[in-house]
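The values are calculated or read from the model by the stated rules, or taken from the named source; none is laboratory data. Given the structure is predicted, the values throughout are model-derived calculations rather than measurements. Here the Cβ positions follow ideal geometry from the backbone for every residue, glycine too, while neighbour counts run over all protein chains shown.
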Amino acid sequence: MGQAVLAEKRIGPGDRVSFRYRVLAEGGLVDASEQPVTIRVGEGRFPPSVEKALLGRREGDILSVWVPPGEHYGWYDPRKVQFIPVEKIPPQARPGETVFVQDELGVLHPARLARRDLRVAVVDFNHPLAGKPLRFDLEILRVEKASES
């Protein structure tokens, strides 16, 4: 009987799971939940690697999951590095800072200023975390079986 009760509380597809999380990249903390987050496993609110890692776990478990770039901000794309007229960049902006570049429709897009000279600025429109794996640390607080909800 004890084994059956434990098996019932293991997380399966469709179960509602409440947990706290932290997301880390090579530069340190990227995100953390201030309050517990509740998801239905399989609904796609978190990267597939995270949701898959929850399967078979139970309340009280603490786990770390590595998430590849393809599941969050994508792979680094060198085609997103562009040369633009230096006049489109604020004069006080320094390399490494985020600048907003206006497109032909007037929409502002964030980019990292990589370099500037007298006529041309090199800007990188890749997300700063593109191409980097992320580590999700989770603490499972509550499991509600799909049949209970």
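Structural remarks
- One residue alone among GLU104, GLU87 is in a loop (DSSP other than H, G, I, E, B), without any contact (Cβ under 8 Å) to a residue 60 or more places away in the chain and out of contact with any Leu (no Cβ under 6 Å at 6 or more places or on another chain), and that residue is GLU104.
- Single residue of region 27-40 satisfying the filter (without any contact (Cβ under 8 Å) to a residue 24 or more places away in the chain and among the aliphatic types (A, V, I, L, M)) that is surrounded by the most Cβ atoms within 10 Å (Cβ to Cβ): ILE39
- In region 76-96, the residues that are under 21 Å from the mean Cα position of the chain (by Cα) and surrounded by 12 or more Cβ atoms within 10 Å (Cβ to Cβ): TYR76, ASP77, LYS80
- Residue in region 2-24 that is loosely packed, with under 14 Cβ neighbours inside 10 Å, within 20 Å of the chain's Cα centre (by Cα) and either assigned to a strand (DSSP E or B) or not hydroxyl-bearing (Ser, Thr, Tyr) (or both) present: no
- Taken over region 68-84, the criterion of being outside any helix (DSSP H, G or I), free of Cβ contacts under 8 Å to residues at least 60 places away in the same chain and either within 13 Å of ALA130 (Cα to Cα) or touching a Cys at 6+ places or on another chain (Cβ under 7 Å) (or both) is satisfied by TYR73, GLY74, TRP75, TYR76, ASP77, VAL81.
- Of all residues in region 41-54, those that are closer than 13 Å to GLY12 by Cβ and modelled with pLDDT of 95 or more have Cβ atoms under 6 Å from Cβ atoms of residues that are among the aliphatic types (A, V, I, L, M) and in a helix (DSSP H, G or I), 6 or more apart or on another chain, in VAL41/LEU54.
- Screening SER147 on (1) under 16 Å from ASP15 (Cβ atoms); (2) assigned to a strand (DSSP E or B) shows it passes everything except condition (2).
- Matching residues in region 53-68 - criterion: being more than 11 Å from LEU138 (Cα to Cα), under 16 Å from the mean Cα position of the chain (by Cα) and among the aliphatic types (A, V, I, L, M): VAL67
- Residue list for region 25-52, filter: over 16 Å from the mean Cα position of the chain (by Cα) and of a type in the set (A, V, I, L, M): VAL41
- Among the candidates ASP117, ASP103, residue that is in contact with a strand residue (DSSP E or B) (Cβ under 7 Å, 6 or more places away or on another chain), acidic (Asp, Glu) and modelled with pLDDT under 95: ASP103
- Residue in region 75-93 that is aromatic (Phe, Trp, Tyr) and in contact with a Gly (Cβ under 8 Å, 6 or more places away or on another chain) present: yes
- For region 109-129, a residue qualifies if it is under 13 Å from ILE84 (Cβ atoms) and hydrophobic (A, V, I, L, M, F, W, C), and the qualifying residues are ALA111, LEU113, ALA114, VAL120, ALA121, VAL122, VAL123, PHE125.
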